[in-house]
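**Q** Here it is: the structure, laid out below.
The values are calculated or read from the model by the stated rules, or taken from the named source; none is laboratory data. It should be emphasised that the depicted structure is a prediction, and the values quoted were computed from it without experimental measurement. Here the Cβ is made from the backbone with ideal geometry for all residues, glycine too, and neighbour counts use every protein chain on show.
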């Protein structure tokens, strides 16, 4: 059994033994340790033919020291299936300092602040559509696909994130990253605004990024690595919740300056809606990707993805789901069980 397969089995065992819907947590005065995670196992049938196994998991540990009500120090380590697919030993590994009236500073390997303040698409299935979708591991598209609508500059570079506390419902952030073989440096900025009026809750996000001299950099599953003078990205998103209804829409634009080799920039946009009723949830999500639209020397590739999902929550930490969809002209059905702790 390989190392990452052992991690997956261990995750499932922890979930089954954890009991309840709560994280595994230890408190000792000003010191706190928390372990959270999930494990998903199931099948997918491309073209409704031979079923293929799919698995997804994540384990996240956080250690906090809170000397008083104003200050907090901590460290985070996490590992998941997406990181292990790339042969990485972590998804996140960073330390942070948080001041109640100021905000938070993070140093280490983690997502940029533009991604952390972004909003995703509503989906109740287990196909991870907001973070390197699982179905792209089993269904190969006809061309390059930008599969994530939220701005990302990867997690493999040493990064500093600075984010403010909420100010009248708004939160701002800035990231600076470098010391990596993927690019010289990257600067990311993000803004998130949250509003609540009775039964209606709204969230709006904006993000922008500039990456200098990317060489062999890639974050999307089926978009080729980019080598260019620079890469510029923009993202915008919105979520509106009314009682049990959630509607979301989000988009991402990528522009590469003087790219060399295969084209990997373009646009991706999506929208979706979900509804919860007691232990049942349903969702419908659509995503459109157009890769290569800025370069007239090559034909661009357009991809449409539509997924409808149904989830039944057996208990606070056990649920089953089924999804029916089509992507890159390939229809599929997928089902599985997810355990969380």
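**Q** Does residue 276 satisfy being out of contact with any strand residue (DSSP E or B) (no Cβ under 6 Å at 6 or more places or on another chain) and under 20 Å from residue 188 (Cα atoms)?
**A** No: the conditions fail for residue 276.
**Q** Still on this structure, I have one more. Say whether the condition of being more than 18 Å from residue 234 (Cα to Cα), in contact with a helix residue (DSSP H, G or I) (Cβ under 9 Å, 6 or more places away or on another chain) and not in a strand (DSSP E or B) is met by at least one residue in segment 161-171.
**A** No: zero hits.
**Q** Go through 47, 64, 85 for me and flag whichever is in contact with a helix residue (DSSP H, G or I) (Cβ under 8 Å, 6 or more places away or on another chain) and surrounded by fewer than 18 Cβ atoms within 10 Å (Cβ to Cβ).
**A** Within the list 47, 64, 85, the selection yields 85.
**Q** Within segment 286-301, take every residue that is more than 18 Å from the chain's Cα centre (by Cα) and either part of a strand (DSSP E or B) or touching a residue at least 60 places away in the same chain (Cβ under 8 Å) (or both) and give me the one that is surrounded by the most Cβ atoms within 10 Å (Cβ to Cβ).
**A** Filtering first and then ranking leaves 291.
**Q** Additional query: Looking at segment 97-106, is at least one residue crowded, with 18+ Cβ neighbours inside 10 Å, farther than 16 Å from residue 173 by Cβ and touching a strand residue (DSSP E or B) at 6+ places or on another chain (Cβ under 9 Å)?
**A** Looking for residues that are crowded, with 18+ Cβ neighbours inside 10 Å, farther than 16 Å from residue 173 by Cβ and touching a strand residue (DSSP E or B) at 6+ places or on another chain (Cβ under 9 Å), one finds none in segment 97-106, hence no.
**Q** May I pose another question? Across segment 220-235, what is the number of residues that are outside any strand (DSSP E or B) and under 14 Å from residue 253 (Cα atoms)?
**A** Adding up the residues that qualify gives 2.
**Q** Being assigned to a loop (DSSP other than H, G, I, E, B) and under 26 Å from residue 283 (Cβ atoms) is the requirement here; does residue 182 meet it?
**A** no
**Q** Another one. Would you be able to tell me the number of residues in segment 166-176 that are at pLDDT 95 or above and surrounded by fewer than 16 Cβ atoms within 10 Å (Cβ to Cβ)?
**A** 1
**Q** Could I ask something else about it? Scan segment 216-232 residue by residue and report those that are surrounded by fewer than 20 Cβ atoms within 10 Å (Cβ to Cβ) and at pLDDT 95 or above.
**A** The answer is 227, 229, 230, 232.
**Q** Filter segment 306-327 for residues that are touching a helix residue (DSSP H, G or I) at 6+ places or on another chain (Cβ under 9 Å) and touching a residue at least 40 places away in the same chain (Cβ under 8 Å); which is farthest from residue 51 (Cα to Cα)?
**A** 317
Rundown of residues vs (1) closer than 19 Å to residue 140 by Cβ; (2) outside any loop (DSSP other than H, G, I, E, B); (3) modelled with pLDDT of 95 or more; (4) more than 19 Å from the chain's Cα centre (by Cα), yes/no style:
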{"site": "284", "(1), (2), (3), (4)": "no, yes, yes, no"}
{"site": "303", "(1), (2), (3), (4)": "yes, yes, no, yes"}
{"site": "332", "(1), (2), (3), (4)": "yes, yes, yes, yes"}
{"site": "339", "(1), (2), (3), (4)": "no, yes, yes, no"}
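**Q** I would also like to ask the following. Restricting to strands (runs of 3 or more DSSP E) lying wholly in segment 1-84: which have 1 or more residues that are at pLDDT 95 or above and closer than 19 Å to residue 96 by Cα?
**A** 31-46, 52-65, 71-80
**Q** Taking segment 70-96 only, how many residues are under 30 Å from residue 136 (Cα atoms) and in contact with a strand residue (DSSP E or B) (Cβ under 6 Å, 6 or more places away or on another chain)?
**A** 11
**Q** For segment 194-215, which residues satisfy the criterion of being surrounded by fewer than 17 Cβ atoms within 10 Å (Cβ to Cβ), touching a strand residue (DSSP E or B) at 6+ places or on another chain (Cβ under 9 Å) and in a strand (DSSP E or B)?
**A** 194, 195, 196, 200, 201, 202, 210, 212, 215
**Q** Which pairs do you get when a residue that is on the phi > 0 side of the Ramachandran plot and assigned to a loop (DSSP other than H, G, I, E, B), found in segment 109-128, comes within reach of a residue that is modelled with pLDDT under 95 and buried (at least 24 other Cβ atoms within 10 Å of the Cβ), reach meaning Cβ atoms under 8 angstrom, with the pair 6+ apart or on two chains?
**A** Close Cβ pairs satisfying both conditions: 128/134.
**Q** From the list 265, 182, 188, 256, which residue is within 16 Å of residue 291 (Cβ to Cβ), under 21 Å from the mean Cα position of the chain (by Cα) and surrounded by 17 or more Cβ atoms within 10 Å (Cβ to Cβ)?
**A** Going through 265, 182, 188, 256 in turn, just one is within 16 Å of residue 291 (Cβ to Cβ), under 21 Å from the mean Cα position of the chain (by Cα) and surrounded by 17 or more Cβ atoms within 10 Å (Cβ to Cβ): 265.
**Q** Let me ask something else. Considering segment 131-146 alone, what residues qualify as being on the phi < 0 side of the Ramachandran plot and either at pLDDT below 90 or surrounded by fewer than 24 Cβ atoms within 10 Å (Cβ to Cβ) (or both)?
**A** 131, 133, 136, 137, 138, 139, 140, 141, 142, 143, 144
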